[in-house]
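Peer 1: Take this structure first; my questions come after.
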Amino acid sequence: MNKIAVLPGDGIGAEIVPPALEAVKEAGRKYGYRFDFKHGLIGGAAYDETGHPLPEETLKLCKESDAVILGAVGGPKWENLPVHLRPEVGALLPIRKHLGLFANLRPVQVFPQLADASTLKTELVSGLDIMIVRELTGGLYFGDKKKEPIDGGYRVVDTLVYTTPEIDRVARLSFELAQKRGGRLTSVDKANVLETSRHWREVVVNLAQEYSDVELSHIYVDNCAMQLVRDPKQFDVMVTENMFGDILTDLAAQLTGSIGMLPSASIGGDVALYEPIHGSAPDIAGKDLANPLATILSAAMMLRITYNMEQAAADIEKAVTKVLEDGYRTGDIMQPGMKQVGTKEMGELVLQHLRG
Ligand code: NAD
């Protein structure tokens, strides 16, 4: 039996995860695959129940599973907790670290039916297909933090740290992805200012000798942000530091029409974790407004990457395409002339196509 840990988390998590599980079940049924879903607590929901946003029991469940499906964590209710108990710092960062998930793959693909939904001109985004690899267990989010009182206020420190092996492994994975895709890799850094970025670049340049079939380029992160909205199709695979990747992928999400469309896979350890790139969207939680497609597409990535169930993954992606072709849209991707549906109905429509 294929064992999946299910962590809906907070906000819209409880609404977007169930349709993804249904899609996995339905896609698997056709090929005789069976899945054992075990639910666990994470984030604010876990804090409310157990006093900690990442209970030991949840970690154990994840480690005993093949893969984890996560909704999202966080929300205003938990914003004023001590930092180490906040859902993002106390649960998201440690779960990535504990599971050794050093690479976050974020495919930015524009469904042809949504090319008009982007805030950018259709010709700039139609056919867009890039892969952003965000380093996930190092960099600015994981370095030492400090806040100490001084005359006139505080001295506050976040530290950006990388070791050679940390850069090497994520860059290697990115070169290999580029080999399987368009053969181009762009390394995004800030080597004109940051020491870590200069070393990042050295490591990537050294590795390039092993991947002579990949065309390597470098770009500063500020220019990269500009290039992503100026001409996003110039990129194939991109690899970058943790926080740079966080920011650039939210920007890239908008190219696809909505953050509600972007899936992700966090890999590197024995157990991979699949989640949409968006957060818990407290502003629309509980209103049947959330777009479940990013989570459904994350589940398709799980079938492909963890289980090698290529056909079942492709079936889910095809079902999503069909639903969009039929003109159904959640509010975030709604356009004139289309049919607006809620979270549940969107999930049901995907299921109908999977059932054939
Ligand atoms: P967010 O991604 O939750 O929301 C940003 C905007 O996008 C909101 O207007 C929201 O309504 C919209 N949106 C997001 N997902 C959507 C979906 N599936 N369908 C339709 N619209 C969607 O980011 P935020 O508002 O900055 O953060 C809210 C909370 O989520 C915070 O507590 C934050 O720390 C947390 N967060 C968690 C994760 C995670 O769990 N991986 C990631 C980012 C933010």
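The values are calculated or read from the model by the stated rules, or taken from the named source; none is laboratory data. Quantities reported herein were computed from a predicted structural model and do not represent experimental measurements. Note that we place each Cβ from the backbone using ideal geometry, even for glycine, and neighbour counts take in every protein chain shown. These area figures cover heavy atoms from the full protein model, side chains too; ligands, DNA and RNA do not enter into them. Shrake-Rupley method; radii C 1.70, N 1.55, O 1.52, S 1.80 Å.
Peer 1: In the list I4, I95, which residue meets the criterion of being surrounded by 21 or more Cβ atoms within 10 Å (Cβ to Cβ) and more than 14 Å from the ligand (Cβ to nearest atom)? Spell out the reasoning first.
Peer 2: On the way: I95 fails: more than 14 Å from the ligand (Cβ to nearest atom).
It is I4.
Peer 1: Has the range 313-320 got at least one residue that is surrounded by 22 or more Cβ atoms within 10 Å (Cβ to Cβ) and free of Cβ contacts under 8 Å to residues at least 40 places away in the same chain?
Peer 2: So far as the range 313-320 goes, no, none of its residues is surrounded by 22 or more Cβ atoms within 10 Å (Cβ to Cβ) and free of Cβ contacts under 8 Å to residues at least 40 places away in the same chain.
Peer 1: If you don't mind, another one. At negative phi, without any contact (Cβ under 8 Å) to a residue 60 or more places away in the chain, in the same structural domain as I305 (by TED's automatic domain parsing) and touching a Phe, Trp or Tyr at 6+ places or on another chain (Cβ under 8 Å): is that true of L85 in this structure? I'd like the intermediate steps shown before the answer.
Peer 2: Working: at negative phi: yes; without any contact (Cβ under 8 Å) to a residue 60 or more places away in the chain: yes; in the same structural domain as I305 (by TED's automatic domain parsing): yes; touching a Phe, Trp or Tyr at 6+ places or on another chain (Cβ under 8 Å): yes.
In short, yes.
Peer 1: Criterion first (within 15 Å of the ligand (Cβ to nearest atom), more than 20 Å from the chain's Cα centre (by Cα) and either part of a helix (DSSP H, G or I) or assigned by TED's automatic domain parsing to the domain that holds I95 (or both)) does D315 satisfy it? Give the steps one after another, and end with the answer.
Peer 2: On the way: within 15 Å of the ligand (Cβ to nearest atom): no; more than 20 Å from the chain's Cα centre (by Cα): yes; either part of a helix (DSSP H, G or I) or assigned by TED's automatic domain parsing to the domain that holds I95 (or both): yes.
Judged against the criteria, D315 is not a match.
Peer 1: Pick from R172, R181, R155: which is in contact with a strand residue (DSSP E or B) (Cβ under 7 Å, 6 or more places away or on another chain) and within 27 Å of P263 (Cα to Cα)?
Peer 2: Details: R172 fails: in contact with a strand residue (DSSP E or B) (Cβ under 7 Å, 6 or more places away or on another chain); R155 fails: within 27 Å of P263 (Cα to Cα).
So the residue among R172, R181, R155 that is in contact with a strand residue (DSSP E or B) (Cβ under 7 Å, 6 or more places away or on another chain) and within 27 Å of P263 (Cα to Cα) is R181.
Peer 1: Let me ask something else about it. On the basis of being within 16 Å of the ligand (Cβ to nearest atom) and within 20 Å of T249 (Cα to Cα), does R106 make the cut?
Peer 2: The answer is yes for R106.
Peer 1: Kindly indicate the residue of the range 228-252 that is among the β-branched types (V, I, T) and open to solvent by 10 Å² or more (accessible area, probe 1.4 Å) and also nearest to the ligand (Cβ to nearest atom) among those meeting that condition. Working first, answer last.
Peer 2: Our first condition is that a residue be among the β-branched types (V, I, T); within the range 228-252, this holds for 229, 237, 239-240, 247, 249.
Next cut, open to solvent by 10 Å² or more (accessible area, probe 1.4 Å) only: 229, 247.
On the way: V229: 18, I247: 11 Å.
Applying the filter and picking the extreme gives I247.
Peer 1: Anything in the range 19-56 that is within 17 Å of A299 (Cβ to Cβ), outside any loop (DSSP other than H, G, I, E, B) and in contact with a strand residue (DSSP E or B) (Cβ under 9 Å, 6 or more places away or on another chain)? List them, or say none.
Peer 2: A20, L21, V24, K25, G28, F35, D36, F37, K38, H39
Peer 1: Taking into account only those residues within the range 77-91 that are farther than 14 Å from L54 by Cα and loosely packed, with under 14 Cβ neighbours inside 10 Å, which is nearest to the ligand (Cβ to nearest atom)?
Peer 2: Checked the range 77-91; the qualifying residue nearest to the ligand (Cβ to nearest atom) is E79.
Peer 1: Could you grab the pairs with beta carbons closer than 6 Å, sequence gap of 6+ or different chains, first residue in the range 19-40 and free of Cβ contacts under 8 Å to residues at least 40 places away in the same chain, second one polar (S, T, N, Q) and not in a helix (DSSP H, G or I)?
Peer 2: From residues that are free of Cβ contacts under 8 Å to residues at least 40 places away in the same chain, the pairs are F35/N2.
Peer 1: Continuing with this model, one more query. Going residue by residue through the range 253-264, is there one that turns out to be within 14 Å of the ligand (Cβ to nearest atom), part of a loop (DSSP other than H, G, I, E, B) and either surrounded by fewer than 23 Cβ atoms within 10 Å (Cβ to Cβ) or small (G, A, S) (or both)? Break it down into steps so the answer makes sense when it comes.
Peer 2: Keep residues of the range 253-264 that are within 14 Å of the ligand (Cβ to nearest atom), which gives 253-254, 256-264.
If we keep only those that are part of a loop (DSSP other than H, G, I, E, B) as well, we get 256-258, 262.
Now drop any that are not either surrounded by fewer than 23 Cβ atoms within 10 Å (Cβ to Cβ) or small (G, A, S) (or both), which leaves 257-258.
Yes, the range 253-264 contains a residue that is within 14 Å of the ligand (Cβ to nearest atom), part of a loop (DSSP other than H, G, I, E, B) and either surrounded by fewer than 23 Cβ atoms within 10 Å (Cβ to Cβ) or small (G, A, S) (or both).
Peer 1: I'm trying to understand the selection: among the residues of the range 284-306, which are open to solvent by less than 10 Å² (accessible area, probe 1.4 Å), part of a helix (DSSP H, G or I) and not hydrophobic (A, V, I, L, M, F, W, C)?
Peer 2: T295, S298
Peer 1: Taking N223 as the residue in question, decide whether it is part of a helix (DSSP H, G or I) and surrounded by fewer than 19 Cβ atoms within 10 Å (Cβ to Cβ). Talk me through it step by step, then tell me what you get.
Peer 2: Values: part of a helix (DSSP H, G or I): yes; surrounded by fewer than 19 Cβ atoms within 10 Å (Cβ to Cβ): yes.
Yes: the conditions hold for N223.
Peer 1: Out of G75, G143, report the one residue that is of a type outside the set (F, W, Y) and assigned by TED's automatic domain parsing to the domain that holds A191.
Peer 2: Values: G75 fails: assigned by TED's automatic domain parsing to the domain that holds A191.
It is G143.
Peer 1: Could you please give the count of residues in the range 172-202 that are under 20 Å from T159 (Cα atoms), of a type in the set (A, V, I, L, M, F, W, C) and not in a loop (DSSP other than H, G, I, E, B)?
Peer 2: 2
Peer 1: So L70 clears everything in (1) away from the ligand (no atom under 16 Å from the Cβ); (2) within 20 Å of the chain's Cα centre (by Cα) except one condition, right? Which one?
Peer 2: If we test L70 against (1) away from the ligand (no atom under 16 Å from the Cβ); (2) within 20 Å of the chain's Cα centre (by Cα), just (1) comes out false.
Peer 1: While we're on this one: Which one of these does I16 not meet: (1) of a type in the set (A, V, I, L, M); (2) without any contact (Cβ under 8 Å) to a residue 40 or more places away in the chain; (3) open to solvent by less than 10 Å² (accessible area, probe 1.4 Å)?
Peer 2: Here I16 meets the rest and fails (2).
Peer 1: For the structure I just gave you, tell me whether A281 is open to solvent by less than 10 Å² (accessible area, probe 1.4 Å) and either in contact (Cβ under 8 Å) with a residue 40 or more places away in the chain or not in a helix (DSSP H, G or I) (or both). First the steps, then the outcome.
Peer 2: On the way: open to solvent by less than 10 Å² (accessible area, probe 1.4 Å): no; either in contact (Cβ under 8 Å) with a residue 40 or more places away in the chain or not in a helix (DSSP H, G or I) (or both): yes.
The answer is no for A281.
Peer 1: What about K60, is it more than 16 Å from the ligand (Cβ to nearest atom), among the charged types (D, E, K, R), farther than 26 Å from D288 by Cα and touching an Asp or Glu at 6+ places or on another chain (Cβ under 9 Å)?
Peer 2: Details: more than 16 Å from the ligand (Cβ to nearest atom): yes; among the charged types (D, E, K, R): yes; farther than 26 Å from D288 by Cα: yes; touching an Asp or Glu at 6+ places or on another chain (Cβ under 9 Å): no.
Here the answer is no, as K60 does not meet what is asked.
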